[in-house]
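For reference, the structure discussed in these notes is given below.
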Amino acid sequence: MKLVIAPNPILKTNCLPCGPLDVRTVVQAFALLQQHKGLGLAAPQMGIAERWFVTAWGELFVNPTVELHGILIDSQEGCLSIPGKQFVVRRATEVRVLGRTYTGERAVVLQHESDHLDGILISDIGVPA
């Protein structure tokens with residue numbers, strides 16, 4: 001499985017909820033994330049228009065809803081699908097996802113990956129750093 005790079009149209013897709021996942025695909029997602037030294041990887045970044053993503057700290061999020069909390073801060077972010085570029089994006093300092101609270105870098109990663117599920121790239125909502 002290969003990483004999808006912008007401007008591939010699947011990255012602009014509002015993904016559909018997913019049912020049961022194929023374990024091999026999830027394992028490939030974690031491997032691809034590790035290979036590219038990323039913090040998160042969403043299904044559309046692998047060419048799959050479904051609502052799930054994986055994180056570098058080993059979690060899989062399926063059909064997540066990210067609730068924003070805390071204050072908004074400027075976050076400098078990169079994206080595996082937009083190699084070599086950084087953007088400054090406004091992000092909440094705290095989020096709740098599937099009943100758990102995340103803060104700091106993890107909160108930023110969850111917002112970033114959730115945006116991918118809605119077809120939003122950091123280049124759409126941020127300014128070049």
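Conditions tested, residue by residue: (1) in contact (Cβ under 8 Å) with a residue 60 or more places away in the chain; (2) farther than 27 Å from V127 by Cα; (3) in contact with a helix residue (DSSP H, G or I) (Cβ under 9 Å, 6 or more places away or on another chain); (4) not polar (S, T, N, Q).
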site	(1), (2), (3), (4)
C15	yes, no, yes, yes
C18	no, yes, yes, yes
T25	no, yes, yes, no
L68	no, no, yes, yes
K85	no, no, yes, yes
T93	no, no, yes, no
A107	no, no, no, yes
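Could you list, in sequence order, all residues of the stretch 77-118 that are more than 20 Å from Q45 (Cβ to Cβ) and out of contact with any strand residue (DSSP E or B) (no Cβ under 8 Å at 6 or more places or on another chain)?
Those that are more than 20 Å from Q45 (Cβ to Cβ) and out of contact with any strand residue (DSSP E or B) (no Cβ under 8 Å at 6 or more places or on another chain): G99, R100.
Against the definition (loosely packed, with under 15 Cβ neighbours inside 10 Å and more than 20 Å from G104 (Cβ to Cβ)), how does P44 come out, yes or no?
Spelling it out, it is not the case that P44 is loosely packed, with under 15 Cβ neighbours inside 10 Å and more than 20 Å from G104 (Cβ to Cβ).
Exactly one of these conditions fails for R51: (1) modelled with pLDDT under 95; (2) under 13 Å from the mean Cα position of the chain (by Cα). Give me its number.
Looking at each condition in turn, R51 falls short on (1).
Of all residues in the stretch 67-90, count the ones that are in a strand (DSSP E or B) and surrounded by 19 or more Cβ atoms within 10 Å (Cβ to Cβ).
Residues flagged as in a strand (DSSP E or B) and surrounded by 19 or more Cβ atoms within 10 Å (Cβ to Cβ) within the stretch 67-90 amount to 5.
Scanning for something among the small types (G, A, S), touching a residue at least 24 places away in the same chain (Cβ under 8 Å) and assigned to a helix (DSSP H, G or I), does the stretch 114-123 turn up at least one residue?
Yes: the stretch 114-123 contains one or more residues that are among the small types (G, A, S), touching a residue at least 24 places away in the same chain (Cβ under 8 Å) and assigned to a helix (DSSP H, G or I).
State which residue is nearest to T93 (Cα to Cα) when the search covers only the stretch 42-66 and only residues that are charged (D, E, K, R) and not in a strand (DSSP E or B). Write out each step before concluding.
Initial filter on the stretch 42-66 (charged (D, E, K, R)): 50-51, 59.
When the remaining residues are screened for being not in a strand (DSSP E or B), the result is 51, 59.
Values: R51: 23, E59: 19 Å.
Going through the qualifying residues, I end up with E59.
Sort out which residues of the stretch 91-111 are of a type outside the set (F, W, Y) and not in a helix (DSSP H, G or I), and write them in order of number.
The answer is R91, A92, T93, E94, V95, R96, V97, L98, G99, R100, T101, T103.
The values are calculated or read from the model by the stated rules, or taken from the named source; none is laboratory data. Fair warning: this is a prediction, and the values are worked out from it, not measured in the lab. Please note: Cβ atoms are built from the backbone with ideal geometry, for glycine as well, and neighbour counts cover all protein chains shown.
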